[in-house]
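Just so it is clear, none of the values below were taken in a lab; they were calculated from the coordinates. Just so we're clear, the structure is a prediction, and the values are computed from it rather than from any experiment. Using ideal geometry, Cβ is built from the backbone for each residue, glycine included, and neighbour counts are taken over all protein chains shown.
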Ligand code: SF4
């Protein structure tokens, strides 16, 4: 087992200050990826162990814009194997999701079986505590142990908007190499001293990138997600793939395609300021020259999410972004059903966070932080709970009445 995280050197990055990025589009996920990778010197893969880290962090189909398209991963496997590499796929999903079920649902499992490519549940082994020596918000991470077994790490995210980080691309996708619920820890950090104007989650992602940065980024824009990403937005077909050996540069180009600038994505801006990669388009050579034909502005994350749930009163006192995400996703997926269990035209009161003193008697309590108020109320445990647990708790409470 190696003792260092695969970041120190990147053999694919020949000019650190002037990276190149390949964009291919219009040919479907497999051909787009194959064409983009054909411009990378994959002879460097010979004899290497390569870990592909797609986004298979949720139960979703590959046309949903939530998870990575299996044919993008298939093209990467075929290209890397042809170059003489040993390839495996690894993931640690969000809390409450079983890795192997997520692989099945998104089509990666079937594709990997066809190719006899190992699928790793990176939550199975005990994690390694890895130092983040120059971290501002975090000083260590709980790293999935499997990551250390590979020579080359390839991030294969989906092109998505994100309610907390503006966009999620190849750098943010590395959060799925953090073990089990330690991912949630990044959502619960106090304000970072010296960076009080930034969300600590974003500071922490930039910190994470100092020790956990992929050697290659393959950004899947077959079907991205606009609006309320990372999982409650709308699918956005782009039919494009972006490949680069500087993941910051690749993310920066993907941002352009989405109608954003990388400076608007705090973890990319902060990471580039720390010298972790290039986001300045003037310094990035992008192929082919007509790549701007792919630009398809994505809808932004709505600013006031409660507008979508006018009959719902959300009482949020000092919650963290993990519970906020859970609640928003819950309302999006189960909001309609939820209203069936409450008297018509009565506002539904939902509490999250740990700062509540007095709560309305009928408040629905979500997350362990609200436990102290559970007497006589519907309480959903978890930190955070998953949406299905919330709807199940409501169903049970109503059945008992
Ligand atoms: S219960 Fe919710 S608000 Fe409280 S720490 Fe856990 S995720 Fe955050």
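How far apart, in nm, are two points set 7 Å out from the Cα along the Cα-to-Cβ line at residue 372 and at residue 115?
5.1
Taking the Cα of residue 39, stepping 7 Å toward and past its beta carbon, and measuring to each backbone N in the stretch 224-266: which are under 18 Å?
Residues 239-258 qualify, since their backbone N sits under 18 Å from the label point.
If we sort 275-281, 156-162 on the protection proxy, mean other Cβ atoms within 10 Å, highest first, what's the order?
Order by mean packing, descending: 156-162, 275-281.
Rounded to the nearest 5, what % of DSSP beta bridges with both residues in the chain are antiparallel?
40
Please compute the length gained on full extension between residue 292 and residue 263, using 0.36 nm multiplied by the number of residues separating them and subtracting their Cα-Cα distance.
8.6 nm
Taking the Cα atoms of the chain alone, what are Rg (to one decimal) and Dmax (as a whole number) in Å?
21.2, 67
Suppose each label sits 7 Å from its Cα in the direction of the beta carbon; what would the residue 316-residue 280 distance come out to in nanometres?
Once both label points are built, they end up 3.6 nm from each other.
Once label points are set 7 Å from the Cα along Cα→Cβ at both residue 126 and residue 86, what is their separation, rounded to one decimal in nm?
Using points 7 Å along Cα→Cβ, the separation is 2.4 nm.
Expected output is a single nm value to one decimal: the length gained when fully extending between residue 180 and residue 392, i.e. 0.36 nm times separation in residues minus the C-alpha distance. What is it?
My answer for the length gained is 74.0 nm.
In degrees between 0 and 90, to the nearest 10, how far off the longest principal axis of the chain does helix 321-340 point, with axes built from Cα atoms?
Helix 321-340 and the main axis of the chain meet at about 60 degrees.
Relative to the longest principal Cα axis of the chain, at what angle does helix 247-257 sit, 0 to 90 degrees, rounded to 10?
Here the helix axis deviates by roughly 70 degrees.
GNM on the chain, C-alpha springs below 10 Å: top fluctuator among 302, 230, 93?
For the chain, modelled as a Gaussian network with Cα springs under 10 Å, the answer is 302.
Where both partners of a DSSP beta bridge lie in the stretch 24-161, what percent of those bridges are antiparallel, to the nearest 5?
Here the share of antiparallel DSSP bridges comes out near 25 percent.
Relative to the longest principal axis of the chain, what angle (0 to 90°, nearest 10) does the C-alpha long axis of helix 200-209 take?
20
In what sequence, highest mean first, do 108-117, 316-325, 14-23, 208-217 appear when ranked by Cβ atoms within 10 angstrom?
Put in order of decreasing packing, that is 208-217, 316-325, 14-23, 108-117.
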